[in-house]
């Protein structure tokens, strides 16, 4: 395991109550300048980040178990990312790849094609956000198949654009009031082992979804099945073994495109470069974003060359897509993940989370399940000795953790999950400290 050096002391240190005076001053300024619809889950204002530490405007140091929603996997100031960004920004900040191309874009495309599942010939296109990547995967699938229907799943989250909102399951806060949404998007049941009938296999869950799809959409109309191999905002739902392979095989058998949305679960977060690898699935298209560029805005879609290349020249792109500085950051992040073996570190993080929380997950009356892979783990909270969602407990626990200087994030269709997304470079002692504070908050909420 790599010996990681940190710029900030990896120590929780609270100098004020949270939020502190400077954060409160910034909040007052924000209220007069920032749209009310842009919400923040934590009321402290960041000043510096490094490793597993968020240092706020008041000098408080908090333990980061969120990574900016799985973005700063290599840390927010990874040396190789910073070095490559500085070098790139000193040469040029923008040319637009569609006007004057540059090597960084090509190098990222080459690298990502080598890292995604499947030994077949691939092509990639780069964009800015996960939503853009998903939209472009849909465009590619529709052109390739000459079909329109897109099949998605309960609890899915695919983005905030009009099309990806149609693909997203949860209404609040994402969809409320923003319709009408794009049509030809159809939703079927997800494999959700904690809430499915007891004993339901992945193959049986797939048959349930595919039968509904065939009857309500029609085989000949399906352009693509789009799925998160591990659902993110929906609650870190890991489908039962066999579910993903069955969907992928159905696409192969019926001329549809299988799209793995790896925006949150990809880029070493789960202990493999892409979470599809856990079941040997080789998606036709993979979307990626978040952890790929160390915090810089970059996303993309990569997949089978004969599929991607069917789109006419000029049909894919965007003014800022594959920005040269973001591409440089991505190359630095990929190098960091490889040099520091961060995929293996993600598996060590999973072991630590299970060591610190496993027995509590078994014994607490309000913990329904501890689940996930690698450094993408979550606890689902329920009403005592039931499976009824308990969003109040999740919110109470998150607030208690923040009081103690630990940043955690909630998620889930029912708002009853707490997700753990620490930076892959987090100091393990610091991680254990944060998890023990989290555990005490769970015990207090379940008492």
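Please treat every number below as a calculation from the coordinates, not as lab data. The structure presented is a predicted model; accordingly, all values stated were derived computationally and were not measured. Positions of Cβ are backbone-derived with ideal geometry, glycine not excepted, and every protein chain shown enters the neighbour counts.
Taking only Cα atoms and a 10 Å spring cutoff, compute GNM fluctuations for the chain and point out the largest among 336, 410, 319. Maximum among the listed residues: 319. Inter-part distance, the range 1-51 to the range 214-237, computed on C-alpha centroids, equals 37 Å. Dividing the summed -39500 (n - 2.57) terms of all DSSP H runs of n ≥ 4 by the residue count of the chain sets its mean residue ellipticity at 222 nm at -11500 deg cm²/dmol. If you compute Cα extents along the principal axes in Å for the structure shown, which of [x] 62, 61, 44; [y] 60, 59, 47; [z] 69, 67, 44 do you land on? The calculated read-out lines up with [y]. Report note on the peptides 64-73, 79-88: ranked by the mean count of other C-beta atoms within 10 Å, highest first, their order is 64-73, 79-88.
When you restrict to C-alpha pairs under 8 Å that are six or more residues apart and normalise by the size of the range 82-338, the relative contact order lands at 31 percent.
Output the antiparallel fraction of DSSP beta bridges having both residues in the chain, as a percent to the nearest 5. Before the final figure, lay out each step's value.
Working: 32 of 48 bridges.
In the chain, approximately 65 percent of DSSP beta bridges are antiparallel ones.
Diagonalising the gyration tensor over the Cα atoms of the range 220-307 and scaling each eigenvalue by 5 before taking the square root yields semi-axes of 22, 16, 11 Å, largest first. For the range 82-338, the Kirkwood radius over C-alpha pairs fed into Stokes-Einstein at 37 °C and 0.692 mPa s yields D = 177 µm² per second. Find how many whole Å separate the alpha carbon centroid of the range 373-433 from the alpha carbon centroid of the range 279-310. Rounded to whole Å, the Cα centres lie 28 Å apart.
When DSSP beta bridges are restricted to pairs lying wholly in the range 82-338, around 40% turn out antiparallel. Each Cα pair under 8 Å and six or more residues apart adds its separation to the average, and for the range 314-421 the resulting relative contact order is 18 percent.
Among 284, 50, 392, determine the one that fluctuates most according to a GNM of the chain built with springs between C-alpha atoms less than 10 Å apart. Ranking 284, 50, 392 by mean-square fluctuation puts 392 first.
Take the chain, connect every pair of alpha-carbon atoms lying under 10 Å apart with a spring to form a Gaussian network, then pick out the residue of 157, 192, 174 with the largest mean-square fluctuation. In the Gaussian network model the winner is 174.
Run through the DSSP bridge list for the range 175-314 and note the antiparallel percent, rounded to the nearest 5.
Details: 4 of 11 bridges.
Expressed as a percentage, antiparallel bridges in the range 175-314 total about 35.
Dividing the mean sequence gap of close Cα pairs (under 8 Å, 6+ apart) by how many residues the range 110-186 holds gives a relative contact order of 25 percent. With the highest mean first, a sort of the peptides 353-361, 159-167, 418-426 on other beta-carbon atoms found within 10 angstrom per residue produces 418-426, 159-167, 353-361.
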